[in-house]
1. Mind ordering 239-245, 16-22 by average Cβ neighbours within 10 Å, highest first?
2. Between 95, 189, 259, where does the largest GNM mean-square fluctuation fall for the chain, given springs only between Cα atoms within less than 10 Å?
3. So how do 307, 344, 380 line up by other beta-carbon neighbours within 10 Å, fewest first?
4. For the chain, take the longest principal axis of its alpha carbons; what is the angle in degrees between that and the long axis of helix 127-141, to the nearest 10 within 0 to 90?
5. Sort segment 236-353 into rounded, prolate or oblate with this rule: let a ≥ b ≥ c be the square roots of the eigenvalues of the Cα gyration tensor; rounded if a/c is under 1.5, and if a/c is not under 1.5, prolate when a/b is larger than b/c, oblate otherwise.
6. Work out how much length residue 367 to residue 199 would gain on full extension: take 0.36 nm times their residue separation and subtract the Cα-Cα distance, in nm to one decimal.
7. Using a 10 Å cut-off around each Cβ, can you sort 317, 371, 87, 283 from fewest to most neighbouring Cβ atoms?
8. Go through 211-224, 65-78 and give me the packing order, highest mean Cβ count within 10 Å leading.
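Just so it is clear, none of the values below were taken in a lab; they were calculated from the coordinates. Quantities reported herein were computed from a predicted structural model and do not represent experimental measurements. Positions of Cβ are generated from backbone atoms using ideal geometry, with glycine treated the same way; all protein chains shown enter the neighbour counts.
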Ligand code: ADP
């Protein structure tokens, strides 16, 4: 079966068509600048298939319906198409940001599921409406094809209350559902499952997964199940990220608003989009920050020191919370590719049995163990594949009798 994976953002739509007979990617791409009033008067499409790339700027697409139509036209088109007919698409899997407490796993989309995603809009005000637009656009153009929702929060629903509750009055939890949810769940789940297959760990094993990309989060997993994670009610919490501040004293918000005459939304926008590495070192991209660090830039030095320091504090605290750690896994853009960042993250953790083998770390490509043979804690790089995880769930659910 061929499965179309859709990741709809507020003004973008990413897609991948995957052949599930061998899990190969047939085509993938991205439509950007969707919507009137969104940057510029054109939209653009980038489409990759086989070893070819097709990029085009087109008349402004007014909404996600139009974007979805463009994607399907491209997939079936004469020039750059990869399927002859839409009937070849067996099912569609949608990435949905926030499933709240309702969704602990992926599910077939029906009216009740759409209503529940809508109910969770207050928890994911930017993403859930976009995800819904993607779902509705697909329903419109592919009315008879099963659609599956895969939630970014679902994997973390195994956390216990002691990990997910905030120490604030109960009514904020019971009435407003304020708690830690965690994100990047599809990635963490994929890596957690892979760690159980790959590492040969005994029952009761404790693994810390470091998803380090532009957005970054950690999860602490026992036997592949999440017991804690670093993002919270929203993805702002936790590590120093590309443009997000990560954890800070919440009183900072009132202080900034008062002193700068900013609204709470403006302040949160600054913490989400103008903070992290971007604020400390002038770029959200770890490669740029590293280049500046190498050129002796003191701001970049501090940014990297803070990035590693906060990450190490989380690793240490999760080891303490789980009563030990058997493996640490690095994934996503920085985790998979940035040799020195992995080294910085593990430096000083020798006391708890973490010993990186420099040659292995430098040579790591794909799935690779980078710890020394005498390291008590195994350290691995495992590339994540969120689209494949979504496609696998979609196949399973769409073909369930
Ligand atoms: P997103 O959260 O947007 O999916 P990614 O997982 O793509 O982010 O990660 C982006 C980060 O990965 C950037 O900070 C970038 O510098 C880093 N990165 C990507 N490729 C490399 C590479 N080859 N070497 C070092 N860092 C890399």
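1. 239-245, 16-22
2. Comparing 95, 189, 259 in a Gaussian network model of the chain, the most mobile one is 259.
3. 344, 380, 307
4. Orientation of helix 127-141: about 30 degrees from the principal axis.
5. The shape class here is oblate.
6. Details: separation 168, 0.36 × 168 = 60.48 nm, distance 1.08 nm.
Extra length from residue 367 to residue 199 when fully extended: 59.4 nm.
7. 87, 317, 283, 371
8. Final packing ranking: 211-224, 65-78.
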